[in-house]
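Worksheet for the structure shown next.
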Amino acid sequence: MRNIVTYISQNRYFLLFILLFAYVESIYTRLIVRQTLNIYIFTPEAAISSLFNAIILFLVLQFFIKKWQKSDVILTKELFKIFSISIVLYIVIMYVTGYTISFLFNTVERNFNRHTISVSFLSNIINGFIYGSFFLAYYYYHQNKQQQEKLINYNRALAESKINQLKSQLNPHFLFNNLNILDQLIEEDKQVASDFLNEFAEIYRYVLQGLDRKTILIEEEIEFAQQYFKLMQHKYGNAYLLNIENKLTNNLVYIVPLTLQLLIENAIKHNLGTLQNPVYISVEITDNGIEIKNNKILKQYTKTSSGKGINNLVEQYKILTENSITVENSDELFTIKIPLILKEHT
């Protein structure tokens, strides 16, 4: 009994639709049969009876679905078997129930003669097909909806896992490069190396905090990029120059953590700037996106880049946005365009 009450509560809107359909059907049938309009035409007892009969059919269908459907894929053969057996069992239940009630009220002869049996059989067949079809459409709609939700949750979990993997790759990349710079500074100037280490500790704290977030406000990333570039000036002085222009009209714009830092680092790594011929790094942020570009003064002797850092960014933006990163590489300029993220991903 408790299961039936729970079932009715969970599917109350569907059952309300069945009741309304049965009520309209009962009015139409009475008008056709009696061909007269009176108050009896609109009484709801036939609709309520049809609703209870439909619930019995639904429970039978659900029983056989759970018993015989082995997978989430709907097979025609299984569906035909479930539907046909359920209709047969439903008709049997209707006759047994009807006979029991007639026996208790001593109306067996009136309700179970040849004419009434044939009429009720046809009626049960028609109702079984109509209400059974309604139920199967409703049931498999909800099954499909649940499968879609599971798929969405799975893809979300997969995306989060992918982002965490990408960040775990990017974090050692950042640490390794800057420890190399520190090693060089120690040999050249211990005081500069000490200042570098203190500033690097502050910056690395930001990096660790960023690992727990998919996106941050772009203003935070700009501040971090400026701190990082100041760190680089300990080693290179004005051989590399940075200009950041923020022309956003909306302050609530987000970016993947370490995006600007990575691209600034990339420009320094692959280009040889000098005081006489510096590398200019330009970051322009508008409502249409972020454009980072630098003039190219390629180093003559440099290791072949794995491209891991930029590839990581490309993968993260593929997951978080509908737009992708674009790269333009000419003889004189290297340009990367980053799409804006308009909502926070925590």
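The values are calculated or read from the model by the stated rules, or taken from the named source; none is laboratory data. Since we're looking at a predicted model, the values are computed, not measured. Cβ coordinates were reconstructed from backbone atoms using ideal geometry, including for glycine residues, and neighbour counts include every protein chain displayed. To get the accessible areas, we keep the full protein, side chains included, count just its heavy atoms, and leave off ligands, DNA and RNA. Shrake-Rupley method; radii C 1.70, N 1.55, O 1.52, S 1.80 Å.
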Kindly establish whether Glu265 is surrounded by fewer than 16 Cβ atoms within 10 Å (Cβ to Cβ) and either closer than 23 Å to Val327 by Cα or not aromatic (Phe, Trp, Tyr) (or both).
no
Scan region 186-213 residue by residue and report those that are of a type in the set (D, E, K, R) and in contact with a helix residue (DSSP H, G or I) (Cβ under 6 Å, 6 or more places away or on another chain).
Glu199
Top-ranked residue in region 68-94 [being free of Cβ contacts under 8 Å to residues at least 12 places away in the same chain, surrounded by fewer than 15 Cβ atoms within 10 Å (Cβ to Cβ) and part of a helix (DSSP H, G or I); ranked as farthest from the chain's Cα centre (by Cα)]
Val92
For His234, indicate whether it is closer than 18 Å to Ile181 by Cβ, within 40 Å of the chain's Cα centre (by Cα), in contact (Cβ under 8 Å) with a residue 12 or more places away in the chain and open to solvent by 30 Å² or more (accessible area, probe 1.4 Å).
no
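Of all residues in region 1-40 being hydroxyl-bearing (Ser, Thr, Tyr), under 37 Å from the mean Cα position of the chain (by Cα) and loosely packed, with under 11 Cβ neighbours inside 10 Å, which is modelled with the highest pLDDT?
Checked region 1-40; the qualifying residue modelled with the highest pLDDT is Tyr13.
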Can you spot a residue in region 188-199 that is surrounded by fewer than 21 Cβ atoms within 10 Å (Cβ to Cβ) and under 22 Å from Leu313 (Cα atoms)?
no
Within region 189-308, considering only helices (runs of 4 or more DSSP H) that don't extend past its boundaries, which have at least 1 residues that are touching a Gly at 6+ places or on another chain (Cβ under 9 Å)?
218-236, 259-270
